[in-house]
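Below is one structure; the comments refer to it alone.
The values are calculated or read from the model by the stated rules, or taken from the named source; none is laboratory data. Just so it is clear, the structure is predicted and the values come from calculations on it, not from any experiment. So basically every Cβ, Gly included, is an ideal-geometry build from the backbone, and we count neighbours across all protein chains shown.
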């Protein structure tokens, strides 16, 4: 029982970073109804830029964090301009395929920056490890959870209570109606990319600082985790992304404990499979899609 | 106030508006009438910047606004209430209004008491927190109007505001339009309800296949039975009268 609870706690803590990755996918999907496949690769390029500074100039971990964030945001803006702005909204497949190509391009750029297989990534603790009853809370994971919770809270406030957040939700619902209302839809979409890149950059940094290493597979890994968590929670739903991320983390933690490390990823794929069979819209997706369908019928 | 000269708009090689010139003076209600597909909506969309024109000049208060993006046009004081309303269905009534006020709202949204709303749109005032998709047709049209007014436009473009509404609800919309004009708003109106439109408007333009075939004061057009029966088909009430 204690193991079960401990695993669940560990899963929630690591799952919080999956939640941030899923938020990145889900917000872009909400605004554009398209999937940005280059998302993981933009985070990777940002993290590689930070690591490059760390490797060559031994800069402070905060400089690495800042560089990771800034470069991820720049990469995100680059992807928006190249794959999403330039290609019309009704050509969803074309922009998805082009974002896949940009994924390759960004990864190649990162690998040219640092050609070795593995690099050390500076660790980052705010909280030290502590025990609460029989349970152990590891410092780096607690830090991750706190960072993720702060990000989700800030995002919630931004989306609900600011002019930009409302514009973003309006564009998600109907770009055409938003344009009639004088909302600069192109600018909102660019800002949405910058915003999710910032969220992704925080997630990437938190994950890498916990692992204390970075490899060229990070982009692929982040894409998988983010996409699976988004699909579990329901595409286009922000609470769904959080829920999906936490669920994925918990399932992986249990699989790793009870079945062994080699089943950790497999369990995630099995869970996704089961979800797609039993509840294809994801945990909260159906509700969203149902509400949207109603909205389209009535308005 | 608004001056359009030689406007041409086309969709994929098909010309929807072909050399239209029209004028709206401050304080007027001007109407564009014509059959479905005559190019009425295309004119409004070109003025509001949703569609960039192929040719022609659009001037608002002396400034050329042709080809400006929609948000820049709204910033200059022109707002279009689109056909079919296009509300944000999953957002609340209040959020729809706040989205309408996007241009002049501060970074942190202020939800304020809405005395003005209660006066003009009493049906909406009690439903601020309901999703827009839950409104009835009449309420939805009221919200579309209220949302358009939130940006405090000087020229309001109305595209088929009575479409899909019962005669009683349409009556409410027309009464409202009159009240808005009395409060100093200038309106350019596209409507399919011919009799009502001519009763409401100061002047009107008759559009056929993207060209203006007649224009003048609403009263003069209303008495021109032949013109109306020719260009607007038998559905026009005037045509009905002349057949009798």
Item to complete: Return a yes/no flag: does region A:221-238 have any residue that is in contact with a helix residue (DSSP H, G or I) (Cβ under 8 Å, 6 or more places away or on another chain), at pLDDT below 95, within 14 Å of chain B (Cβ to nearest Cβ) and surrounded by fewer than 24 Cβ atoms within 10 Å (Cβ to Cβ).
Response: yes
Worksheet entry | Unmet requirement for residue B:92, which otherwise passes all of (1) at pLDDT below 90; (2) at negative phi | (1)
Item to complete: Could you grab me the full set of residues in region A:170-184 that are at the interface with chain B (Cβ under 8 Å from one of its Cβ atoms) and either out of contact with any strand residue (DSSP E or B) (no Cβ under 8 Å at 6 or more places or on another chain) or not in a helix (DSSP H, G or I) (or both)?
Response: A:170, A:173, A:174, A:176, A:177, A:178, A:179, A:181, A:182, A:183, A:184
Practice prompt. For region A:133-165, enumerate the residues that are within 14 Å of chain B (Cβ to nearest Cβ) and over 21 Å from the mean Cα position of the chain (by Cα).
Written response: A:161, A:162, A:163
Worksheet item: For region A:49-64, does any single residue satisfy the condition of being within 24 Å of residue A:167 (Cα to Cα), in contact (Cβ under 8 Å) with a residue 60 or more places away in the chain and buried (at least 22 other Cβ atoms within 10 Å of the Cβ)?
Response: no
Response to the item:
The condition of being over 20 Å from the mean Cα position of the chain (by Cα), surrounded by 20 or more Cβ atoms within 10 Å (Cβ to Cβ) and more than 11 Å from every other protein chain (Cβ to nearest Cβ) holds, among B:124, B:135, only for B:124
Worksheet entry | Residue ID - surrounded by the most Cβ atoms within 10 Å (Cβ to Cβ), chosen from residues in region A:244-266 that are within 13 Å of the chain's Cα centre (by Cα) and over 24 Å from residue A:2 (Cβ atoms) | A:244
Fill in: Boolean, residue B:163 is within 13 Å of the chain's Cα centre (by Cα) and modelled with pLDDT of 90 or more
no
Response to the item:
Checked region B:85-114 for anything within 7 Å of chain A (Cβ to nearest Cβ), touching a residue at least 24 places away in the same chain (Cβ under 8 Å) and part of a loop (DSSP other than H, G, I, E, B); matches are B:85, B:86, B:87, B:88, B:89, B:90, B:91
Item to complete: Would you confirm whether any residue within region B:46-57 is in contact with a helix residue (DSSP H, G or I) (Cβ under 7 Å, 6 or more places away or on another chain), away from chain A (no Cβ under 13 Å), part of a loop (DSSP other than H, G, I, E, B) and under 19 Å from residue B:190 (Cβ atoms)?
Response: yes
Discussion item. Looking at residue B:152 and the list (1) under 23 Å from residue B:44 (Cα atoms); (2) within 8 Å of chain A (Cβ to nearest Cβ); (3) out of contact with any strand residue (DSSP E or B) (no Cβ under 6 Å at 6 or more places or on another chain); (4) part of a loop (DSSP other than H, G, I, E, B), which single condition is not satisfied?
Written reply: (2)
Discussion item. Tell me the residue from B:195, B:130, B:178 that is more than 14 Å from chain A (Cβ to nearest Cβ), surrounded by fewer than 16 Cβ atoms within 10 Å (Cβ to Cβ) and either more than 16 Å from the chain's Cα centre (by Cα) or within 22 Å of residue A:183 (Cβ to Cβ) (or both), please.
Written reply: B:195
